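This report concerns only the one structure given below.
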Amino acid sequence: MRGSAILFSLLVAAAGAFPAAAAELIGDAERGRELFRQCSGCHEVGPGARNRIGPHLNGIFGRRAASVDGFFYSKALRRAGADGLVWHLDTLDAYIANPKVLVSGTRMSYRGMKNAEDRADLLAYLRQFSDNPRDIPEADPTAVRREVELAPDVLAIKGDPEYGEYLASECKTCHQASGRDDGIPSITMWPEEDFVIAMHAYKQKLRPHPVMQMIAERLSNEEIAALAAYFATLKEE
Amino acid sequence: MKLNRRTFIGASAAAASALAAPTVWGAAHGRPKVVVIGGGAGGATAARYIAKDSDGGIDVTLVEPTRKYYTCFFSNLYLGGFRDFESLGHTYGKLASDYGINVVHDWAVGVDRDARKVTLASGAVLDYDRLVISPGIDFVEGSVPGWDINAQNEMPHAYKAGSQTQLLKAQVENMREGGLFAMVAPPNPYRCPPGPYERVSMVAHVLKAKNPTAKILILDPKEKFSKQALFEEGWQKHYPGMIERIGPDFGGDKVEVRPDSMEVVIDGEVQKVDVCNVIPAQKAGRICELAGITDGRWAPVVPHTMQSRMDENIHVLGDASAQGDMPKSGFSANSQAKVCATAVRGALTGSKVFPAKFSNTCWSLVATDDGIKVGATYEATDEKIASTGGFVSQTGEDPELRKRTYEESLGWYAGITADMFG
Ligand SMILES: Cc1cc2nc3c(=O)[nH]c(=O)nc-3n(C[C@H](O)[C@H](O)[C@H](O)COP(=O)(O)OP(=O)(O)OC[C@H]3O[C@@H](n4cnc5c(N)ncnc54)[C@H](O)[C@@H]3O)c2cc1C
């Protein structure tokens, strides 16, 4: 199949990894409060925090760099913000580790926090002063997704239909098992290979649907194969 | 058939007890028993999945007082005239006939955790090996001074769907010309973060057609709310000049109501209103408190299995649970129910337990064919269910995309209700 060859090269190119430390829950916020003493000479955080030598850090997660009203940023940081630098767990982690590596001309004169665990604890503390996804679902995530290793024989994986059935319970919230289409297409009885290719296309953001990209993004190759195996054999009612 | 099933259960029960699960259901005890309290988004889904996937191996009883469950989801669309009321109603017939679930229409009024028994209002007592509780929300008394449940006819909450929703719709439609509709919005956390603002959109949609000089006032204790930029953009576009919101900076957090005289008092200032939708602060459904599984207002759970942190024989789902990052939504409750179902089956029959996965998407309607959405995925950590990433509709999107988003929400509604009720 032509589509599969194209997709395949993309899959191999896209393999990558996030720092393992960030994959679990962020860290120990209590310890982070202690560590914040190193920062509190310049930054405030918490109720009533104001800009000082550095900007206040309330709501930092999910905020574009250099976007606190009334704070005068370095040109370098403003430029980074305009280029699309947004403070997430990973970018903050890199910035705290060594500010000048992420933004060369930053005025933040801080040597950097070398210990990854310290950074995780500090970020866990700061996280408490940003929006909570429970209340504002679009708020910045608190965990970083584990990346999948992509083997060259993705398409050949034999899916486990029992696992597929369990995983499929997530799909069935929207895709009706009966094959009915009331606004969301049926995926019942889809040929296995088409299914696998489509899901990887979402995963690689080639297919443009945000819900499906989100769902596909965290499915492993085995899980996609398992789902494909299950849906291929499901009977329309 | 029955004999086969027995043999199978016997075998898997043995396998499970090897995993150190307490052997509560020996041969004398018969099939393991699961009682589910609450037949809503969490409870109906859990009951159905446990019954369906154990293939008769688990005896499932669902306790739910109402014979027809009216979904809160899409109840705002009913207010806006996009759905009729009956389309929100769902019965439990298939859960009983197709899945063999014992559906008991009654209230659970007590849980004896040591004896593992649930008492019903009728006096009947149900034994369980595992108990699933998904009772939704109750309101925090005194959270809006001047309002209590006795005032719900003058100032409806319409935050549990049913006659309250019908009452609010009638009040909006019969409001005097040029009248004022006020909403007292709830503090975090509450069910359906975008719900109050979708409701405002739907009320505005009705008023624009029927009563265009009417106004809407939102009194909000929160600084920010979900999909705020999208809603505000939509309100500007579809209902210019109609909607005003007073946040905590201007007294939106210091609101008292007077149902007898139809007044609201905002930081000491009295305002006459024609319709007033009071959405109080919320807490876990009362049965959680009675069962002694709450910490503060909610019932904390272990993310991997949705087991209560106070009692491993109880699972808490949906709005009532304190789980971490998931918003209190029907989608979330449905997602959590599936994780719970696989954990319960694993514990009682020894079936394979797969790792927990959660997701949520909330669609909202701003105006005709103008749908927006927000969604995220989650994973279980030891501390909480943590969000791992998501998306939200963008401002300035193409009308075609917004229309597609709305149509998608119709598909979701059909999907999730089929997933709950079979
Ligand atoms: C206006 C509005 C709009 C919404 N829109 C959406 C949306 O678009 N998408 C979305 O995903 N979510 C939406 N929601 C949220 C959604 O309705 C809830 O989050 C969801 O219903 C929670 O499921 P649950 O199982 O926790 O509780 P519920 O669905 O409320 O079910 C609880 C059930 O338990 C029963 N019960 C309570 N106490 C007892 C007892 N003691 N004994 C026996 N039974 C008991 C109740 O009768 C009820 O049927 C909306 C909510 C509102 C108010």
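Just checking: which of the strands (runs of 3 or more DSSP E) contained wholly in the range B:105-209 hold 2 or more residues that are surrounded by fewer than 18 Cβ atoms within 10 Å (Cβ to Cβ), away from the ligand (no atom under 12 Å from the Cβ) and in the same structural domain as B:Thr66 (by TED's automatic domain parsing)? Explain how you work it out, then say what you get.
Details: elements: B:108-112, B:117-120, B:125-127, B:130-133, B:137-139, B:180-184.
Once the strands (runs of 3 or more DSSP E) in the range B:105-209 are filtered for at least 2 residues that are surrounded by fewer than 18 Cβ atoms within 10 Å (Cβ to Cβ), away from the ligand (no atom under 12 Å from the Cβ) and in the same structural domain as B:Thr66 (by TED's automatic domain parsing), what remains is B:125-127.
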Quiz prompt | Selected residue (criterion: surrounded by the fewest Cβ atoms within 10 Å (Cβ to Cβ)) from residues of the range B:66-91 that are near the ligand (Cβ under 10 Å from one of its atoms) and assigned to a loop (DSSP other than H, G, I, E, B) | solution = B:Thr66
Practice problem: Determine the pairs where a residue that is under 15 Å from B:Glu233 (Cβ atoms) and of a type in the set (Gly, Ala, Ser), located within the range B:362-374, has a partner that is within 11 Å of the ligand (Cβ to nearest atom) and outside any strand (DSSP E or B) with Cβ atoms under 7 Å apart, the partner being 6 or more residues away or on another chain. | Solution: B:Ser364/B:Pro194; B:Ser364/B:Glu198; B:Gly371/B:Ser409
Quiz item: Would the range B:46-65 turn up any residue that is within 21 Å of B:Val111 (Cα to Cα), more than 14 Å from chain A (Cβ to nearest Cβ), within 15 Å of the ligand (Cβ to nearest atom) and surrounded by fewer than 24 Cβ atoms within 10 Å (Cβ to Cβ)?
Solution: yes
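Yes/no matrix, rows are residues, columns are (1) among the hydrophobic types (A, V, I, L, M, F, W, C); (2) away from the ligand (no atom under 12 Å from the Cβ):
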position: B:Asp325; (1), (2): no, yes
position: B:Ser332; (1), (2): no, no
position: B:Leu348; (1), (2): yes, yes
position: B:Phe354; (1), (2): yes, yes
position: B:Glu397; (1), (2): no, yes
position: B:Ala418; (1), (2): yes, yes
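For the range B:364-379: of the residues being at the interface with chain A (Cβ under 10 Å from one of its Cβ atoms) and in contact with a helix residue (DSSP H, G or I) (Cβ under 9 Å, 6 or more places away or on another chain), which is surrounded by the most Cβ atoms within 10 Å (Cβ to Cβ)?
B:Tyr378
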Practice problem: Please verify whether the range B:387-395 includes one or more residues that are more than 30 Å from B:Gly30 (Cα to Cα), aliphatic (A, V, I, L, M), more than 7 Å from every other protein chain (Cβ to nearest Cβ) and touching a Gly at 6+ places or on another chain (Cβ under 9 Å). | Solution: no
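For the range B:168-194, enumerate the residues that are away from chain A (no Cβ under 14 Å) and not hydrophobic (A, V, I, L, M, F, W, C). Before you say what the answer is, go through the steps one by one.
Step one: list which residues in the range B:168-194 are away from chain A (no Cβ under 14 Å), which gives B:168-184.
The answer is B:Lys169, B:Gln171, B:Glu173, B:Asn174, B:Arg176, B:Glu177, B:Gly178, B:Gly179.
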Exercise. Would you tally the residues in the range A:45-80 being more than 20 Å from A:Phe129 (Cβ to Cβ) and surrounded by fewer than 21 Cβ atoms within 10 Å (Cβ to Cβ)?
Key: 6
Self-check item: Flag for B:Thr294 being away from the ligand (no atom under 13 Å from the Cβ), touching a helix residue (DSSP H, G or I) at 6+ places or on another chain (Cβ under 8 Å) and within 29 Å of B:Glu232 (Cα to Cα)
Solution: no
Quiz item: In the range B:272-282, is there at least one residue being at pLDDT 95 or above, farther than 23 Å from B:Leu168 by Cβ, within 16 Å of the ligand (Cβ to nearest atom) and crowded, with 18+ Cβ neighbours inside 10 Å?
Solution: no
Quiz item: Residues of the range A:32-64 being free of Cβ contacts under 8 Å to residues at least 40 places away in the same chain, closer than 20 Å to A:Arg119 by Cβ and of a type in the set (S, T, N, Q), which ones?
Solution: A:Ser40
Quiz prompt | Criterion violated by B:Thr165 - all others in (1) under 16 Å from the mean Cα position of the chain (by Cα); (2) within 14 Å of another protein chain (Cβ to nearest Cβ) satisfied | solution = (2)
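The values are calculated or read from the model by the stated rules, or taken from the named source; none is laboratory data. None of the values given here were measured: they were computed from a predicted structure. As a convention, Cβ positions derive from the backbone with ideal geometry for all residues, glycine included, and neighbour counts pool all protein chains shown.
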